Amino acid sequence: SAVMRLAALLAGLRPVLPLVLGLSLGCSLSLLRASWSQSGGEEQCPGPPGRVGSLGGGARPEEAEGRVGTSHEDFRPRIVPYYRDPNKPYKKVLRTRYIQTELGFHERLFVAVLTSKATLNTLAVAVNKTVAHHFPRLLYFTGLRSAKVPHGMVLVAHGDERPIWLMYETMHYIHQHFGSDYDWFYIMQDDTYAQAEQVKALVMHLSINQDVYLGRAEEFIGGDERARYCHGGFGYLISRSLLLKLHPHLDSCRNEILSVRPDEWLGRCIIDFLGITCVSQLQGQHYHTYELAKNTEPEKEEEFRAALAVHPVSDMTLMYRLHKHFSRIQLDRAYQEIQDLQMQIRNLTSLTPPGEAGVTWPVGINAPFLPKSRFEVISWDYFTEQHLFSCPDGSPKCELSGASKADVSEIIESALEQLNSRYQPLLRFSKRQLLNGYRRFDPTRGMEYTLDLLLEAMTQKGHSHVLAKRVSLLRPLSKVEIIPMPYVTEATRVQLVLPLTVQDLDFVANFLDVFATNTLDTHDNALLTLLFVYHPYDAQRVSQVDVFAGVKAMVGELEKRYAEVKIPWISVKTEVPSQVKLMDIVSKKHPVDTLFFLASVWTEINMEFLNRCRMNAISNWQVFFPVHFQEFNPALVYRGEQTASSSTDFLRDGHFDRHSFAEACFYNSDYMMARTKLAADILDRDEVLESMEVFDVFLHYSGLHLFRAVEPGLVQKYALRSCNPRLSEELYHRCVLSNLEGLASRSHLAMALFEQEQANST
């Protein structure tokens, strides 16, 4: 029995036996190492008398003094204690806005294009339309004075058309403005076609730690056979380290080196002062080029297909043809890579536990979204070739037009193309009719389509047959791109503009109280201007009875309470308070760089929203139209019960009012520019302004980004708005819809009707 108990004990300890042995062995080795280090520490090296334990022979003085030398101790982290001299005034440390700036990261590639007076409006424009948008940063350099810049191009004019001087000024400008921001600099001429994607791939495979002068190497005429310069017609690549070393010698090169060609001058400068020659191959990467010749067919040559740069390009048409050709090559290469990846995915999926059943369609795309409840089900939208049965305005049926019509046409054409490519030459399909169409947007993969097509299939012998075919297609989400936006700050002063009519008098006191609490008490950088809109009848009686006397008294009290604050007001007489006409008056009384926030009397101002107004409104770039949150009618929502919401609730019972465009953030300069275009369009027909809002002015006449988004920081209490019937039919209808949808939700309205019917039945 004892043996059995011992065997059972050993069987129980067997799983933990490796752990016990490992811990024992580790402890033993650590104790043994500690004893060795202690015994070694007791020994003292011989040295000069008078110093105990001093280092002998080849020891470095800094190690003898206890300082860290160049040994492996340099790589051990050390905690540097913070010490601040109490006798010196404390200075707040200002950190950079972006971590990329603080860590010293650089952008990858900067491109400079050299152009001239004869080619600025031809070849330079062709370069801008073909490859400019593929490079992260591209500038054009010319020697013209006050040259007229074509649309969409950034031009630097040096004022001297001499080729050597243009090259000197260009290199000096690049170093001064971009030398500390980019790792690579690609310099080309406007008669060069460069494959942008290939150039970007090239710099991704090169190390930035070397001095690189890469391009098509050419020999100097009558010079050293080993020295080479990079031919400017085919473009060349310069590293940041080489540019920094070259810059101090540019003045000497300009004065000492004589040359006719600017690329030879630059190559000679780099060789003479830095000892670096141009190479066509570096770090395993080849700079392939192709020289165009007349009466040739370059498409058949392998050297042409592999070229990064092609030169010379004689006219714009040839530039566009080259771009089309190389774009087709890139597209075919991308399709082939997709097919190879899909084949690899199929082969690997068969080795996974789900097997071939785990392959999604299309291969390599995320699987469709699986809802966890009925509330997460993504609905399908039904459409035909003429109509859409899920309309943006909520109507059950609307005409298919615009982008939706183009989308449906493209999908049908793509379906026929895929069918023909699969079944040709045995069958050829042609469309007779779209029987049914369904589409839905899956945020995990893209837009999905299901089409029921009535097709006519034609055989090789000429026999035809009509059949119905269901096809499924997917327009996948492409690579997400970050849209570059200009830098803005939260320190801009916001000028609030509040139009007031007689119907708004009951809500002014609450607006001014909230404004004083959230902006004046917090010393936010915001000002307020009131716009009193008098009816002609009230304007005639203003000397006897001023309908806005109470508001003016409130403003006077605020100015007494806050001595440094002035709240001006402007009086306007009109029967139709058009938002555009009122804004015209305010715009003329403020500087062009003023940031306006056009508010309504129900708006509750707060610092959080004002900061978003400053960040989202960008001069000459973007205007901001927030969608405020509108509370429902408490009489319908709570029906006599205690109102639920405390002040800590994020959003109370209500909805985002998409029918209201009363609030807007924009710069005065942007409004004046759009208003000028509007005036030229309508001439003297001022009655057109009564049917427009500020949103319409920016939408049709500005060309700026219109950013319209829900704004949880703007919460308005319920109030029945007064809709002016003298406004246009569209504006009046929008106001009525805003009032109706702001009553309550469908469930609350249904409950109110149910209780009313019960009360009537009893």
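The values are calculated or read from the model by the stated rules, or taken from the named source; none is laboratory data. None of these values were measured; they are calculated from a predicted model. For neighbour counting, all protein chains shown are included, and Cβ atoms are generated from backbone atoms with ideal geometry for every residue, glycine included. Just the protein is used for accessible areas: all its heavy atoms, side chains included, with ligands, DNA and RNA removed. Shrake-Rupley method; radii C 1.70, N 1.55, O 1.52, S 1.80 Å.
Here are a few things to note about the model shown:
- If the condition is being touching a helix residue (DSSP H, G or I) at 6+ places or on another chain (Cβ under 6 Å) and modelled with pLDDT of 90 or more, then the stretch 286-306 contributes T289, Y290.
- Residue within the stretch 307-315 that is surrounded by 13 or more Cβ atoms within 10 Å (Cβ to Cβ), assigned to a helix (DSSP H, G or I) and touching a helix residue (DSSP H, G or I) at 6+ places or on another chain (Cβ under 6 Å) present: no
- Any chance A674 is assigned to a helix (DSSP H, G or I) and surrounded by 18 or more Cβ atoms within 10 Å (Cβ to Cβ): yes
- Test: residue in the stretch 540-549 that is at pLDDT 90 or above, among the polar types (S, T, N, Q) and within 29 Å of L689 (Cα to Cα): no
- Residue ID - modelled with the lowest pLDDT, chosen from residues in the stretch 148-166 that are over 15 Å from N121 (Cα atoms) and of a type outside the set (D, E): G159
- Subset of the stretch 687-720 that is touching a Lys or Arg at 6+ places or on another chain (Cβ under 8 Å) and open to solvent by 40 Å² or more (accessible area, probe 1.4 Å) - its residue that is nearest to P591 (Cα to Cα): Y701
- Qualifying residue in the stretch 511-523 (condition: part of a loop (DSSP other than H, G, I, E, B), over 28 Å from P577 (Cβ atoms) and outside the structural domain of L610 (by the TED database)): no
- Close pairs from the stretch 118-139: first over 24 Å from D183 (Cβ atoms), partner among the aromatic types (F, W, Y) and crowded, with 20+ Cβ neighbours inside 10 Å, Cβ under 7 Å, at least 6 apart: A124/Y140
- The set of residues in the stretch 346-361 being surrounded by 14 or more Cβ atoms within 10 Å (Cβ to Cβ) and part of a loop (DSSP other than H, G, I, E, B) consists of V359 alone.
- Top-ranked residue of the stretch 201-216 - restricted to ones that are buried (at least 17 other Cβ atoms within 10 Å of the Cβ) and assigned to a helix (DSSP H, G or I), ranked as nearest to the chain's Cα centre (by Cα): V203
- Some residue of the stretch 588-605 being part of a helix (DSSP H, G or I) and either among the aliphatic types (A, V, I, L, M) or open to solvent by 30 Å² or more (accessible area, probe 1.4 Å) (or both): yes
- In the condition set (1) touching a residue at least 40 places away in the same chain (Cβ under 8 Å); (2) within 29 Å of L505 (Cα to Cα), Y732 is compliant with all but (1).
Table: residues versus (1) at pLDDT 90 or above; (2) of a type in the set (F, W, Y); (3) under 25 Å from the mean Cα position of the chain (by Cα); (4) surrounded by 20 or more Cβ atoms within 10 Å (Cβ to Cβ).
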site	(1), (2), (3), (4)
I618	yes, no, yes, yes
F629	yes, yes, no, no
T648	no, no, no, no
H655	no, no, no, no
I682	no, no, no, no
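- Single match in S738, S747, S702, S761 (criterion: at negative phi and touching a helix residue (DSSP H, G or I) at 6+ places or on another chain (Cβ under 8 Å)): S702
- Test: residue in the stretch 461-468 that is open to solvent by 60 Å² or more (accessible area, probe 1.4 Å), outside any strand (DSSP E or B), touching a residue at least 12 places away in the same chain (Cβ under 8 Å) and of a type outside the set (S, T, Y): no
- As a summary of the residue check, E302 satisfies the conditions (1) open to solvent by 90 Å² or more (accessible area, probe 1.4 Å); (2) without any contact (Cβ under 8 Å) to a residue 12 or more places away in the chain; (3) within 34 Å of the chain's Cα centre (by Cα); (4) in the same structural domain as Y193 (by the TED database) except for the one numbered (3).
- Selection within the stretch 577-608 - touching a Leu at 6+ places or on another chain (Cβ under 7 Å) and of a type in the set (F, W, Y): F597
- Any hit, the stretch 116-139, residues being at pLDDT below 80 and open to solvent by 40 Å² or more (accessible area, probe 1.4 Å): no
- For the stretch 364-409, the set of residues classified as in a loop (DSSP other than H, G, I, E, B), without any contact (Cβ under 8 Å) to a residue 24 or more places away in the chain and of a type in the set (D, E, K, R) consists of K372, D393, K397, listed by residue number.
- Checking the stated criteria, L282 turns out not to satisfy the condition of being exposed (fewer than 13 other Cβ atoms within 10 Å of the Cβ) and out of contact with any Ser or Thr (no Cβ under 7 Å at 6 or more places or on another chain).
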